[in-house]
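Heads up, the thing below is written out as structure tokens.
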Amino acid sequence: MEEIAKGLLLSGRPFLWVIPSVKQEKLSCIKQLKLAGKIASCCSQLEVLRHPSVGCFVTHCEWIPAVESISIGVPVVANPLCFDQEMKCQVDGGSLEDRGEGEN
């Protein structure tokens, strides 16, 4: 989480990061994040994905969000974390190895 936070700050780009309040409190740079972008503990994901300013959706590949983003046409950065998420990533966009990103 800390690496993602620092990457968002270094990107210099606007962002919305939905992260549970409990995890927000653990980030060392939460104050800087709140100044640089929007941090929320929950949101209407479908409304966000439909917003014209959304350029990319970073997801850990839960099925519904993956299908929503694909059906709306929002580019996806897939970061599967566990269980069947890697399989969903492969179904949605080819295997990680095919793109030179996987280590399996």
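In straight-distance terms, cross-link reach from Lys6 covers every one of the lysines whose alpha-carbon lies under 22 Å from its own, apart from those fewer than eight places away in the same chain; here that gives Lys23, Lys26, Lys31, Lys34, Lys38.
Which net charge results for the neighbourhood of Ser41, defined as the other residues with beta-carbon distances under 13 angstrom from its beta-carbon, given Lys and Arg at +1 and Asp and Glu at -1? Write down the numbers at each step before the final one.
Values: positive: Lys23, Lys34, Lys38; negative: Glu25.
Residues close to Ser41 contribute a combined charge of +2.
The stretch between Glu25 and Val77 holds 16.2 nm of extra length on full extension. This uses 0.36 nm per residue minus the Cα-Cα distance. At the residue level, Leu16 shows approximately 80 square angstrom of accessible surface with a 1.4 angstrom probe and all protein chains present.
The values are calculated or read from the model by the stated rules, or taken from the named source; none is laboratory data. Keep in mind it's a predicted model, so treat the numbers as computed, not measured. Note that we place each Cβ from the backbone using ideal geometry, even for glycine, and neighbour counts take in every protein chain shown. Only protein heavy atoms, including side chains, enter the accessible area calculation; ligands, DNA and RNA are left aside. Shrake-Rupley method; radii C 1.70, N 1.55, O 1.52, S 1.80 Å.
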